[in-house]
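One structure below.
The values are calculated or read from the model by the stated rules, or taken from the named source; none is laboratory data. This structure is a prediction, so every number in the text was calculated from the model and none was measured. Reconstructed Cβ throughout: ideal geometry from the backbone, glycine too, with neighbour counts over all protein chains shown. Keep in mind that these areas ignore ligands, DNA and RNA; they rest on the heavy atoms of the full protein, side chains included. Shrake-Rupley method; radii C 1.70, N 1.55, O 1.52, S 1.80 Å.
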Amino acid sequence: MNLKVSKRIAEGVPIVDVDGRLTFGEETKILRNFVKDLLEVSGQSVVLNLAQLAYVDSGGIGTLVGLYTSAKAAGGDIKLACPNARVQHVLEITRLSPILGVYATEDQAIAELRRRSGAA
């Protein structure tokens, strides 16, 4: 299954919907380029909606960490929302959940971005 990414706006925050498998190779490149371009254009923080992400491997995890680092370096932030049980488990066993910021809903991720930025 190929990776598909798309962007939409919710409450003024860019949401990137990630659909498919995030595995080392072309899929990680697709997500990395899409989000980095978005961060350059918007200069904002981004929520990655992982509700349709079926699988993530070590290359995908590395990409998520790299995007988090890139966003922070650019003065933004990335939060992860709606991971399924399998993806949530991978984020927990790698101990990345508290670092990357994983939320059960988009609304929770958006609220945390606003709280951190000082916006109401």
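Evaluation of L67 against the conditions (1) on the phi > 0 side of the Ramachandran plot; (2) touching a helix residue (DSSP H, G or I) at 6+ places or on another chain (Cβ under 6 Å) shows that the sole unmet condition is (1).
Residues that are open to solvent by 80 Å² or more (accessible area, probe 1.4 Å) number at least 3 in the following helices (runs of 4 or more DSSP H) confined to the range 1-108: 26-42, 58-73, 85-93. Would it be correct to say that L113 is under 11 Å from V47 (Cα atoms), touching a Lys or Arg at 6+ places or on another chain (Cβ under 8 Å), assigned to a helix (DSSP H, G or I) and not acidic (D, E)? Spelling it out, L113 is indeed under 11 Å from V47 (Cα atoms), touching a Lys or Arg at 6+ places or on another chain (Cβ under 8 Å), assigned to a helix (DSSP H, G or I) and not acidic (D, E). Does the range 46-53 contain at least one residue that is within 13 Å of V13 (Cα to Cα) and in contact (Cβ under 8 Å) with a residue 60 or more places away in the chain? Yes: one or more hits.
None of D77, D37 is modelled with pLDDT under 95 and touching a Lys or Arg at 6+ places or on another chain (Cβ under 7 Å) except D77. Is at least one residue of the range 100-118 polar (S, T, N, Q) and either in contact with an Asp or Glu (Cβ under 7 Å, 6 or more places away or on another chain) or modelled with pLDDT under 95 (or both)? Yes, there is a match, as at least one residue in the range 100-118 is polar (S, T, N, Q) and either in contact with an Asp or Glu (Cβ under 7 Å, 6 or more places away or on another chain) or modelled with pLDDT under 95 (or both).
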